[in-house]
Amino acid sequence: MSEAFIYLWYDAPNKKYYLGKHKGSPDDSYTHSSTIWEHFTKDNIPEGVTRRILAEGTHEEMCILEHELLVNRKKRCWNRYYNESLGDPRYVDMSGENNPNWKDGISLDIKEYHKEYQQTPQFKEYMKEYQQTPKYKEYEKAYRQTPEYKEWKRKYDAVRYARKKAERQGVGTLEGFLG
């Protein structure tokens, strides 16, 4: 009897895949764990989305096989997958190229990775569009009512006011007396 399986979802409308492993039965209610791809249930699978079971076995076997399959796909066609990582790190070596933070021969700190990603034109365009959505505007309005924001804004305005005042006065007023 198998305790885990590897599955492959195909999202035909977007021509993308998601490969994963699950400890459980193919007949249970589990669908996927992607944080990028939309969440859905077995009772509400989107139109054009299908799943294939690729293998069944022990949890450890499936972890190793999932990792091998994802490494293969990362080398060949990663842009056609919703996957972000190379599988469950408990049974595979996550150093070097297996580390999701590995890029061009170095392992990036996750904060550095996000900082680098936020500089890309794609991210900037996404944020520009997202900031125009009603959801974002509602969030922004609610956030500006929080005590944390109000305290930050008070300090920010005080510093800004002090800078403008210094600019208006020009170079220090005591300079003539000290020099």
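The values are calculated or read from the model by the stated rules, or taken from the named source; none is laboratory data. Bear in mind that the values here come from a model prediction, so they are computed numbers and not experimental data. Ideal geometry is used to build each Cβ from the backbone, glycine not excepted, and the neighbour counts take in all protein chains shown.
Brief remarks on what is shown
- Filtered by the rule that a residue be assigned to a loop (DSSP other than H, G, I, E, B) and surrounded by fewer than 14 Cβ atoms within 10 Å (Cβ to Cβ), the stretch 27-46 gives Asp27, Asp28, Ser29, Ser33, Thr35, Ile36, Glu38, His39, Phe40, Thr41, Ile45, Pro46.
- Filter pass, Gly20 being surrounded by 11 or more Cβ atoms within 10 Å (Cβ to Cβ) and part of a strand (DSSP E or B): yes
- Members of the stretch 23-74 that are modelled with pLDDT of 90 or more, closer than 18 Å to Glu3 by Cβ and acidic (Asp, Glu): Asp27, Asp28, Glu56, Glu66
- Checked against the criterion of being small (Gly, Ala, Ser), at pLDDT below 85 and exposed (fewer than 10 other Cβ atoms within 10 Å of the Cβ), the candidates Gly176, Gly172 yield just one match: Gly176.
- Only residues that are basic (Lys, Arg) and outside any loop (DSSP other than H, G, I, E, B) were counted across the stretch 1-17, and they come to 1.
- For the stretch 47-66, filtering for residues that are within 10 Å of Lys21 (Cβ to Cβ) and out of contact with any strand residue (DSSP E or B) (no Cβ under 9 Å at 6 or more places or on another chain) leaves 1.
- Only one of the listed residues (Ile64, Ile53) is within 12 Å of Trp9 (Cβ to Cβ) and assigned by TED's automatic domain parsing to the domain that holds Trp9. That residue is Ile53.
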